[in-house]
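Data block below; observations after.
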Amino acid sequence: MAHGTPDYYSGVDITYQALSEIIVRPKYGAAAAKSVSVLVSPGSKDLFTAITGRGMIYGGLVFVEAAESHQGDSANLVIDGVPLGQLSLLYLDRYQAFDPVYWPVVITRYDDVNFIYSVAFAYGYTFDNSFTVRYINNTLVNVTVGCIIHYALL
């Protein structure tokens, strides 16, 4: 025989429920990090083999120290095959894309005199199949690109 007030008389109150676990945040595994340094020739290149599985991105950084201007280059977060944040370094700086609330890739350093550039990835993007970071080199010379990204899998 049932005890307590039926749910249709009042809102559901978890004190009446027999729950073994209440999750109040996304349930992901331990944090992991991927760090690479890659020579990128003209054109686009994924900086590392795609991380496969289901999970969440905590954030990351792509940085370039070059011998000449790379203002037309861009770094993209590719989630489940969809590239996000496809603006060049120049446009990220020009339009002051500094806030990760509004754009998935934000500029953190833009120095076209010393040719030092960096972008960061926003927190909280989830993926169902895979993700990677793609760098697009729009110059005619090779450039070394560093990348650090933090994530968790389910």
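Values in this text are rule-based calculations from the coordinates and carry no lab data. Keep in mind the model is a prediction, meaning the values are calculated, not measured. Virtual Cβ from ideal backbone geometry, glycine too; neighbours counted across all protein chains shown.
Defining a contact as two alpha carbons under 8 Å apart and six or more residues distant in sequence, what relative contact order in percent does segment 26-153 show?
Computed over segment 26-153, the figure is 48 percent.
Please give me, ordered by residue number, the chymotrypsin sites (Phe, Trp or Tyr not before Pro) of segment 49-154 that lie in loop per DSSP and have at most 12 other Cβ atoms within 10 Å.
TYR95, TYR102
Mind giving me the FRET efficiency for ASN138 and THR52? R0 is 30 Å, r the Cβ-Cβ distance, nearest 0.05 is fine.
The formula returns an efficiency of 0.55 here.
Taking the radius of gyration and the Kirkwood hydrodynamic radius from Cα positions alone, what is the Rg/Rh ratio for segment 26-153, to two decimal places?
When Rh is taken as the Kirkwood radius, the ratio is 0.96.
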